[in-house]
Amino acid sequence: MSRPLSQSTHMIFIPYRLPDGAEARGYAPWLRKVDNPFFNAIPGIHHYANWRIGQVLRGTAPGWDWFDFKGLTAEADLERVWFSPDLDMFRRKWLDLWGYGAGSLAERPAYLRYSYLFRRTHASGVEPGREAVVSFGRGTPPVADLVWERAGYLPKHFAADTPRDPATPWLLDAVTPDPLGFDWIAVGSSDIGAGDFSFAGVEIAAPDNFEEQEFS
């Protein structure tokens, strides 16, 4: 892989659940043809990949079944990526096309109101394949091929479609109650037997397996 996730020291984690009918309308092909190429062309993004939850191996399935790994080129790129005008336009278009179901974001589950900044704490040098076991938990993180610890919460300013307020904090250290429910992510080739839940994740689109096509 030419742009592996393990090279990023910081990653934005984006969990979500699609409304009924989205997959039948071609969501996965749209990721490969439109979404993934667009994000991976944004300056400051090193590795952007879309994943789908497969078989739950341990614990209870979360309220979301899709997630994105958005690895940054450098920690200093966080603000310019998060507030990229091009990305804001694209993300609002995503909400129009796929959304989170009926109702405003404030009416949806709390975890949808944020994306989550994670800091890499361990990388073995073994890059996860397109099928990997992803585990989540609290407290001391385990040993795995790739381990991330939560470093902050990013409120989704673009969902409100209002101008950025410089006086409003955009990276939060904590949110109470915690909408995510875990503070580390471990990725490897097998279940590490630690954490609250784990599942077999399937990579749907990534820098090395999308189809180039312009977004319109």
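The table that follows gives values for the structure above.
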| item | result |
| --- | --- |
| Hull volume in cubic angstrom per residue (convex hull over the Cα atoms of region 1-117) | 132 Å³ |
| Reduced Cα scattering model of region 49-153, Debye log10 I(q)/I(0), q = 0.14, 0.21, 0.24 Å⁻¹ | -0.74, -1.53, -1.64 |
| Cβ-placed point charges (K, R +1; D, E -1), dipole of region 115-193 about Cα centre in debye, nearest 20 | 120 debye |
| Most positive-pole-ward Cα, Ala106, Met89, Phe182, against dipole of the chain from beta carbon charges | Ala106 |
| Positive-pole candidate from Leu78, Phe118, Tyr48, dipole of region 17-118, charges at beta carbon | Tyr48 |
| Rotationally averaged projected area of region 40-79 (alpha carbon convex hull; nm²) | 4.0 nm² |
| Nearby aspartates and glutamates by direct alpha-carbon distance to Lys33 (threshold 15 angstrom, same-chain neighbours under 8 apart not counted) | Glu23, Glu203, Asp208, Glu211, Glu212, Glu214 |
| Average projected area [Cα convex hull, region 1-51], square nanometres | 4.2 nm² |
| Average silhouette area of region 60-216, convex hull of alpha-carbon atoms, in square nanometres | 10.7 nm² |
| Length added when fully stretched, Arg80-Ala106, from 0.36 nm per residue minus Cα-Cα | 6.9 nm |
| Aspartates and glutamates with Cα under 13 Å of Lys93, excluding same-chain neighbours fewer than 8 positions away | Asp35, Asp161 |
| Debye, to nearest 20: dipole size of the chain, +1 on Lys, Arg Cβ, -1 on Asp, Glu Cβ | 180 debye |
| Extension reserve of the Ala174-Gln55 stretch, reckoned as 0.36 nm per residue once the Cα distance is removed | 39.8 nm |
| Solvent-accessible area per residue for region 21-123 (1.4 angstrom probe, square angstrom) | 43 Å² |
| Helix-only mean residue ellipticity at 222 nm for the chain, each DSSP H run of n ≥ 4 adding -39500 (n - 2.57), per residue, nearest 500 | -3500 deg cm²/dmol |
| D (Stokes-Einstein, µm²/s), Kirkwood Cα radius, region 126-204, 0.890 mPa s at 25 °C | 169 µm²/s |
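The values are calculated or read from the model by the stated rules, or taken from the named source; none is laboratory data. Please read these numbers as outputs of a predicted model, since none were measured by experiment. Using ideal geometry, Cβ is built from the backbone for each residue, glycine included, and neighbour counts are taken over all protein chains shown. Side chains are part of the model used for accessible areas, which takes the heavy atoms of the whole protein and leaves out ligands, DNA and RNA. Shrake-Rupley method; radii C 1.70, N 1.55, O 1.52, S 1.80 Å.
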